[in-house]
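The values are calculated or read from the model by the stated rules, or taken from the named source; none is laboratory data. Here the structure is a predicted model, which is why all the values come from computation and not from measurement. Virtual Cβ from ideal backbone geometry, glycine too; neighbours counted across all protein chains shown.
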Amino acid sequence: MNGSLRRGLVLAGAMLMLAGCGTFPLPKVYILGDEAQPTPGVTNEAGLPHLDLKTVTVPDYLDTTDILRRSASNQVATSTKGRWGERVSVGITRALRTDLAARLPNVVIESRGAYEPVRRLVVDVERFEIGEDGRCTLSARWRVTTANNKVSANSEEGTFIVAASAGTDAAASMAMTSAIDQLAARIALTVAAPQTVSLGAPR
């Protein structure tokens, strides 16, 4: 086989490989939370209390754009067909802010930290995943503090479980969104409760 023929075959093989790579579908992109329905008009926020929602903390292995499923006791698997459109910590914070704003219309929920708020909401997620049984488990702790970091309500924790309707990434995103909504409902009760400032340091 002469050199020209050999080079031609190599080039043809490379082109076939590139063509084959192009046939794989791109992963679908998902986001956490339901779409907020905008209300026409101007809202006057003067005089309303402000609550600064700090960026939700999650375990390091979760703070990614990969859609993860627990495949064994100490193992998680990455979806090859879908991914998140943003890091999980960002997605939870955004979804939680939208849910809380809908549940607490007389409170301005901020997450920009551009001012000194009267109160802050701190949420720490300890577990947020789809298990081998197809159930989404969300475990979190939360507390409301004053501007000088004194706890203004009891620290609370909760676990919320939602069964995914199928084994798809779309079903997983819906189940995880539902779990965030349940968390928001419980946090809204904490925010709306009478303030009892504690002099102790927050946990």
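The strands (runs of 3 or more DSSP E) found wholly in region 15-106 and carrying at least 3 residues that are touching a strand residue (DSSP E or B) at 6+ places or on another chain (Cβ under 8 Å) and modelled with pLDDT under 95 occupy 50-53, 66-72, 75-84. Among residues of region 181-203 that are at pLDDT 60 or above, those with a Cβ under 6 angstrom from a residue that is surrounded by 15 or more Cβ atoms within 10 Å (Cβ to Cβ) and of a type in the set (Phe, Trp, Tyr), sequence gap 6+ or separate chain, pair up as GLN182/PHE160; LEU183/PHE160; ILE187/TRP142.
Which residues, counting only those in region 139-166, are among the basic types (Lys, Arg) and modelled with pLDDT under 90? If you could, list the steps in order and put the result at the bottom.
So the first thing to find is which residues in region 139-166 are among the basic types (Lys, Arg), and the list is 141, 143, 150.
The one that is among the basic types (Lys, Arg) and modelled with pLDDT under 90: LYS150.
Looking for something at pLDDT 90 or above and among the aromatic types (Phe, Trp, Tyr) - is there at least one such residue anywhere in region 109-118? Looking for residues that are at pLDDT 90 or above and among the aromatic types (Phe, Trp, Tyr), one finds none in region 109-118, hence no. Remark: pairs (first residue in region 52-76, among the hydrophobic types (A, V, I, L, M, F, W, C); second residue crowded, with 16+ Cβ neighbours inside 10 Å and in a loop (DSSP other than H, G, I, E, B); Cβ separation under 7 Å; 6+ apart in sequence or on different chains) = LEU53/SER111.
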